[in-house]
1. Given 0.36 nm per residue, what is the gain on full extension from A:E236 to A:K250 after removing their alpha carbon distance, in nm?
2. Leaving ligands, DNA and RNA out of it, work out the accessible area of A:C18 with a 1.4 Å probe and give it in Å² to the nearest 10.
3. Suppose R0 equals 35 Å. What FRET efficiency, 1/(1 + (r/R0)^6) with r the Cβ-Cβ distance, do B:K113 and B:Y580 give to the nearest 0.05?
4. Tell me which residues come under 5 Å, amide H to amide H, from B:H55 once H is placed; ignore anything under 5 positions away on its chain.
5. In what order, largest first, do A:D111, B:D561 sit by accessible area if the probe radius is 1.4 Å?
6. So which residue, out of A:F246, A:F201, A:F102, gets the largest mean-square fluctuation from a GNM of chain A using Cα contacts under 10 Å as springs?
7. Please compute the average number of Cβ atoms from other chains found within 10 Å of each residue's Cβ in peptide B:441-447.
8. Would you tell me the mean number of C-beta atoms belonging to other protein chains that fall within 10 Å of each C-beta in B:545-558, as a whole number?
Amino acid sequence: MKPEDLNTPHKPTWCPGCGNYAIWVALKNAVAKLELDPSRVVISYGIGCSGNENNFVGTYAFHSLHGRPVPPANGIKMVNHELTVIAVSGDGDAYGEGGNHFIHACRGNHDITYLVHNNEMYSLTTGQASPTSQKGMPSKSTPEGVLERPLNPIALALTAEATFVARGFSGKEEHLTDLMVKAIQHKGFSLVDILQPCVTFNKLNTFPYFYERVYDLQKEGYQPNDKEKAFKKAQEWGERIPIGIFYQEKRPAYHSELFSIKEKPLVRQSLAGIDITKSMRELV
Amino acid sequence: MKQNSISINNLNWKIAGEAGYGIKASGLMFAKACARGGLQIFDYSEYPSLIRGGHNTYQVNVSEEEVFSPQSEVNLLVALNQDTIDFHKDELSNQAGVIYEQEDKKIEITSLKKNNCQLFPVPLSRLAKENGGKEIMRNSVALGASFALLNYDFKYLQSVIQDSFQKKGKEVIDLNVKIAEAGFNYVSQNFDVAKYPYQLKHLKSSPRMVLTGNEAIALGAIQAGCKFISAYPMTPATPILHYLASQQKNHNLIVKQTEDEISAITMAIGANYAGVRAMTCTSGGGFSLMVEGLGLAGMTETPLVIAEVQRPGPATGLPTWTEQADLRFLIHAAQGEFPRIIIAPGDVEESFYATQSAFNLAEKYQLPVFILSDKFLAESNKSQEFFDPKIIKIERGALLTNTQLQKMRKYRRYAFAKSGISPRSIPGQKGGIFNANSDEHDQFGYSSEDAENRARMMEKRLGKLDQVALEIPDPILYGPAKADLTLIAWGSTKGPIIEAMKLFEKNRIRVNFLHVMYVYPFPAEKVKEVIRKAKKMVLIENNATAQLGSLIREFTGIEIDRKLLKFSGRPFYPSEIYQYLTDNFKK
């Protein structure tokens, strides 16, 4: 399968130069590289510029609500764990509206891959501050600058017990593809927080801003097997911004500990011959 | 009751005390012991929203024929503390019995002397301790004492104790039986039980369950092939979650407690989308959070069953009490216009079958279906014949097979079918790839803002409701076809009304009753037909604004101005319905 096979009749509607294009290409590359059958891949999308990708990728798609791509993805995985399940969202989606689902999916180690298009901005609503906007950044809703400090998705995922925590950059498409491949292969919850410049509304976190700062953790010999070190690395943001895998550990995925699907996925279990006689007798 | 007449198998027993005294467990044991002797029961419990302290009550209405509600008059009261006497002395019937803690000097019974009742002081705690138990086990003493007084064979209580403590082992079983027996023997030896005019006598019958509306919903879900439930705890819906969790190994279910209600509903939608039957359950407050998810199911045409077990609102409201005030809320919940079905069962049996039907309707019409219950129905136990699993078969609706999909050149999930129902594929099926899209979408599911497409999609989705209306059962008219008074109600008020009708019948007043179970889409034709024939109509609802009344007006143009509304958090008693109607509608 070629990545182009995953195209749909609809072309992306993002602004020219948007960071989402490279993420889109990387996702198709990763699915093709892993030779996944598109009919056995489900992507659950949130709402925002990132969520609009539901029209441009030819797998099964579930375009949920703002902040909600994760719970349906978890539900899909639990009832049919033979499928590859990916969730796609933006920073407002994942860390604002859907913050609660995010932390609980981490600790549950649900075997889904969470691709967060993080442009430090609400863009489809034309430019308001997001949970990851830097302090002081002016936006339409914060003309005097954001008062809060930005949320740190990497540190949050680590605290919430995620088993695969990574950061990519949409300016490094090959590296991003590789991260997505590893994240999808990981058995358990994987976060790929993706730095994605919004060329229309974010005048601070631009492509040049990131090109000057990002470096590849793995190229510098960083081993993602130590949570304390990962926490320390997660704090690094300024002149140098690390991308790559911060942390990875082996832990049973949520569905693998569900006794009811030990033999076969729930969706393939027959509904014939359900017998509640014993249950009714217990109520006598 | 006259001094010397004996009332057999017609009893209202009540036990009360602080939360943490084990009131609920012993009440259920009393109910089951009656049911095992072939008697019919309906129980009702009241408790505040806390774990220790407060006042808990549990009452069991016992009869030879099927009973559908509690009654207000108490014939045998078990008082574990002074509050029980103070709060319930006015509920005592003539010649009622009161069993109370003999050695608790704080229990003041002088107030009872005015009542024409019989007092049975029993050393409940001492008997528990003397027989090797703890003070809390005085409940078992009280159960034994109650059945001795009622002249009822001890073996039924013994068998219930054996089954209730089965998991705790023989030692615990033997101890509890011994303690209950001590209470039984104490009363037999110290009182002339023949003078107490209420008795229970076992009858021959096939075994009956003792279960709540919640358990009936959960059993209905299992029988309907529901394999997945995601929910967040909220009284009074939580027992559905508990029961399914207790049954997950027997029936291979996935039961997921989620981080919040938004997750619960959207996860259940994801599970349905992926091809299994899935549900969620909550009360009004939790459903407030789920509202956006309801719209998601509506827009993506994903089947979904939601059990909404009402409690009085708004906000936290009265967490452990009852009300029927969410009907309008469910009809209108979520932005935009899309179809949904609301089924409000009136009793335990209907809760079971309605849940099975809910899953069939959800898949057939690819839309959300509510089971709308309330605390009163959901948490009251009733004796019940075994359900017949064969009556309603699993019908999964238009699910495409792999072969069907392979024959299609280009699959359109949301094809403009004449019926409005476009066949579904599920993820994993080759050739079935589609976009389940919360945005307005074209026939493939791709986002579309085209005006004509939008209008056609709206017609397609909303049109399904017209077909639902043709299929759903009509409201049932209980009682004679011709009557002087016609009552109309929905959901759980059915129980007290059916019981009130027994009183009318006894007094030869011709009353009939239209019960609306399939509330939405609203069965306008049948309701209109009954109203046209009625001499006088009275609306009975457990809410403040007569929500069914407003639906009748909306869909039939008829205003029913006689209303009996109760919104104190308490259910109706049959006697108050009877009293109100006889007071207000004398010939």
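1. Values: separation 14, 0.36 × 14 = 5.04 nm, distance 2.50 nm.
Length gained between A:E236 and A:K250: 2.5 nm.
2. Using a 1.4 Å probe on the heavy atoms, I get roughly 20 Å².
3. Working: r = 32 Å, r/R0 = 0.91.
According to the calculation, E is roughly 0.65.
4. Here B:A19 satisfy the definition.
5. Details: A:D111 25, B:D561 115 Å².
Greatest to least solvent exposure: B:D561, A:D111.
6. Top of the fluctuation ranking is A:F201.
7. Details: counts 3, 1, 0, 4, 6, 8, 7.
Mean partner shielding for this stretch: 4.
8. Numbers: counts 0, 0, 0, 0, 0, 0, 0, 0, 0, 0, 0, 0, 0, 0.
Counting other chains' Cβ atoms within 10 Å and averaging over B:545-558 gives 0.
The values are calculated or read from the model by the stated rules, or taken from the named source; none is laboratory data. Since this is a predicted model, take the numbers as computed values, not measurements. Every residue, glycine as well, gets a Cβ built from its backbone with ideal geometry; the counts of neighbours run over all protein chains shown. For accessibility, only protein heavy atoms count, side chains too; no ligands or nucleic acids. Shrake-Rupley method; radii C 1.70, N 1.55, O 1.52, S 1.80 Å.
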